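J.: Before we start, here is the structure in question, set down as structure tokens.
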Amino acid sequence: MSNPESFHGTTILSVRKGGKVAIGGDGQVSFGPTIVKANAKKVRRLGDGHVIGGFAGATADALTLFDRLEQKLEQHKGQLARACVELAKDWRTDRYLRRLDAMMIVADQDVTLLLAGTGDVLEPENGIAGIGSGGPYALAASRALVDSKLDAEAIVRRALDIAADICVYTNRNVVVETIGS
């Protein structure tokens, strides 16, 4: 990650609760103080649909990393943790990949992982992770809501709404993907 400032412009949040994991993200793309697009899809299903992921950072860079992760998932027969570790190795050592500016949160039925260009593959505490400019706000809100009666998807939606109230780089055009019951 050569420029942390490039991660302004989005909020991605993952919550794991009650056998369900949800990843959600807003749709705003900003170029400096200007909103360029309000309905970008930064959360999607990967591979055979058993993995979901969201990204913050440069869009083309993140899409390149999603493509690489899908290749690793195929190569490692859907083993998300192993695929992420292999991607992180490539991300750090490949001359082209190490210039990519993005962060990702990915999850399957069993694990949630945060990936960064520094080679980090982290499993967040309590199954909750947030990235992007509004990530800390959404993370705090979801931690406050996790003990409520809301399910994972409802927590993600509410926390992203709270983040949109605080972060000027986050809007309310939200996409949420879920796995589990």
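J.: Please specify each residue of segment 89-116 satisfying the condition of being in contact with a strand residue (DSSP E or B) (Cβ under 7 Å, 6 or more places away or on another chain) and modelled with pLDDT under 80. Can you show your working first?
T.: The first filter runs over segment 89-116 and keeps only residues in contact with a strand residue (DSSP E or B) (Cβ under 7 Å, 6 or more places away or on another chain), leaving 101-109, 112-116.
Correct list: 101 only.
J.: Regarding segment 83-95, can at least one residue be identified that is aromatic (Phe, Trp, Tyr) and touching a helix residue (DSSP H, G or I) at 6+ places or on another chain (Cβ under 6 Å)? I'd like the intermediate steps shown before the answer.
T.: First pass over segment 83-95, keeping only residues aromatic (Phe, Trp, Tyr): 91.
If we keep only those that are touching a helix residue (DSSP H, G or I) at 6+ places or on another chain (Cβ under 6 Å) too, we end up with 91.
Checking segment 83-95: at least one residue is aromatic (Phe, Trp, Tyr) and touching a helix residue (DSSP H, G or I) at 6+ places or on another chain (Cβ under 6 Å).
J.: While we're here: It is to be established whether one or more residues within segment 137-147 are of a type outside the set (Gly, Ala, Ser) and under 16 Å from the mean Cα position of the chain (by Cα). Walk me through it before giving the result.
T.: Within segment 137-147, the subset of a type outside the set (Gly, Ala, Ser) is 137, 139, 143, 145-147.
Next, from what is left, pick out any that are under 16 Å from the mean Cα position of the chain (by Cα): 137, 139.
Within segment 137-147 (the criterion being of a type outside the set (Gly, Ala, Ser) and under 16 Å from the mean Cα position of the chain (by Cα)), the answer is yes, since at least one residue qualifies.
J.: In segment 105-140, which residues are closer than 20 Å to residue 47 by Cβ and either buried (at least 23 other Cβ atoms within 10 Å of the Cβ) or among the basic types (Lys, Arg) (or both)? Show your work before the answer.
T.: Of the residues in segment 105-140, the ones closer than 20 Å to residue 47 by Cβ are 105-115, 121, 123, 129.
Selection gives 105, 106, 107, 113, 115, 129.
J.: Any residue at all in segment 92-112 that is part of a helix (DSSP H, G or I) and under 14 Å from residue 15 (Cα atoms)? So that I can check it myself, show each step before the final result.
T.: Of the residues in segment 92-112, the ones part of a helix (DSSP H, G or I) are 92-93, 97-99.
Then drop every residue that is not under 14 Å from residue 15 (Cα atoms), which leaves none.
Checked segment 92-112: no residue is part of a helix (DSSP H, G or I) and under 14 Å from residue 15 (Cα atoms).
J.: The conditions are (1) farther than 16 Å from residue 177 by Cβ; (2) in contact with a Gly (Cβ under 8 Å, 6 or more places away or on another chain); (3) modelled with pLDDT of 90 or more, and residue 20 fails exactly one of them. Which is it?
T.: The one condition residue 20 does not meet is (1).
The values are calculated or read from the model by the stated rules, or taken from the named source; none is laboratory data. Please read these numbers as outputs of a predicted model, since none were measured by experiment. For neighbour counting, all protein chains shown are included, and Cβ atoms are generated from backbone atoms with ideal geometry for every residue, glycine included.
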